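**Q** One structure follows; several queries about it will come next.
Read-outs: derived from the displayed coordinates by stated rules, not from any lab. None of these values were measured; they are calculated from a predicted model. As a convention, Cβ positions derive from the backbone with ideal geometry for all residues, glycine included, and neighbour counts pool all protein chains shown.
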């Protein structure tokens, strides 16, 4: 007791202080309660606490009764809509604000003063931000007429081209950007370029469509867009100028790829389409074997492109696709400028088995053409075509540093050869040789069979898959037993065997 100060109060048993301490210890402490007058009317009538949640309080929601908050947040009635406009599926703006702000804690200094009103925050916001009526929007000159249909198919095709097709047209990063950016931009200036984009993109989608119905639909779209593009390109060719020469150049390139990507038909040997004698006859039947075909509808366009590039070369080089032409020229080493007589004179190439095969082919074709009494079988025409084909072999096999003779199309990585060096032969063909192919002359078909070895180098491209073996099969069917022996070299290079 000596240690206690005079001010210390000791709670002895039975004293009032002890009774108060015991009572405080036995009773739980009550939480502080804040009264609110902002509850809903239903809770006030029932004299229960309202949680004031929006858009309806918890008590009303639990008992399935209509809460006053729901009627307070309802938007005012909009003016009557025009009959031609569909009703919007979206909620009104006040209701959207109510649903988004019900669970957000706002700083008190940012909220409007609500001490004298029971109106929610959304009501004041809707008054501060008046909504324009639908009738006002419809009367505006900038209002879009919903009667104009949105061409979803065209948007789908353009999206596929920009994200997938354009990347598949070249392995060169610069050329990929040209296909992806420059081509659509030129299409916005010339409709036939955009139609060509749509046609090629539709074929690309058809090539990878898993559903047969989708595949058929995309092929139908591709044919329709290609037909419109060819019509408009033909019109533009007759009015070629410095303004549209670049557009014509790239459209011809896409048309060329479309011809490869289009579904192949029996009797189709690319340059020449089959011409059956009757709807029920087969193009490869014995009765039609010697029937002349018809030149493909796209081939005159390529012929027109040669005239365009010669007349407007400088304008094309300065245009958005000049880089394509320059890189193509570099891959060909300048073409005939390095071969004055049209023949490859590279000493390394002259020691390859490919050159030996071309020398053998020149001898036997020259001998056969000279002995043929038909004046159209001109040995000079075959000589020129063989020289051009050997140049394409030389440049394709030496692309990106491949050593001539060491590259085998059966084992070499796909895609190393640039398309320009492979397609250069078709671009340079004389009309006389094309006519021999149309007439299905055996010597011309033998030369064309050797071109199939080059096509194998591009088999990694989606638009070229299967073409080398398809052409070999068609040429095999058109040749007799003697001339089939003349195409043993390309058959062995491809590792192909006839299916019939």
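**Q** As a footprinting exposure proxy, order 484, 37, 326, 176 by other Cβ within 10 Å, with the fewest listed first.
**A** Numbers: 484 18, 37 7, 326 11, 176 15.
Result, fewest neighbours first: 37, 326, 176, 484.
**Q** Order by neighbour count: 167, 161, fewest other Cβ atoms within 10 Å first, most last.
**A** Neighbour counts put them in this order, fewest first: 167, 161.
**Q** Provide 52, 492 in ascending order of the number of other Cβ atoms located within 10 Å of each residue's Cβ, fewest first.
**A** Numbers: 52 15, 492 11.
Ordered by Cβ neighbours within 10 Å, fewest first: 492, 52.
**Q** Right, something else. When a/c reaches 1.5 or more, the comparison of a/b and b/c decides; with that in mind, is segment 152-323 rounded, prolate or oblate per its Cα gyration tensor? Write out the running numbers ahead of the final one.
**A** Working: a/c = 2.19, a/b = 1.33, b/c = 1.64.
Oblate shape, in that a/c is at least 1.5 and b/c is the bigger or equal ratio.
**Q** Within 10 Å, count the other beta carbons around each residue, average over each peptide in 313-323, 196-206, and list them highest first. Let's see the in-between values first.
**A** Details: 313-323: 16.5, 196-206: 25.6.
In decreasing order of mean packing, 313-323, 196-206 become 196-206, 313-323.
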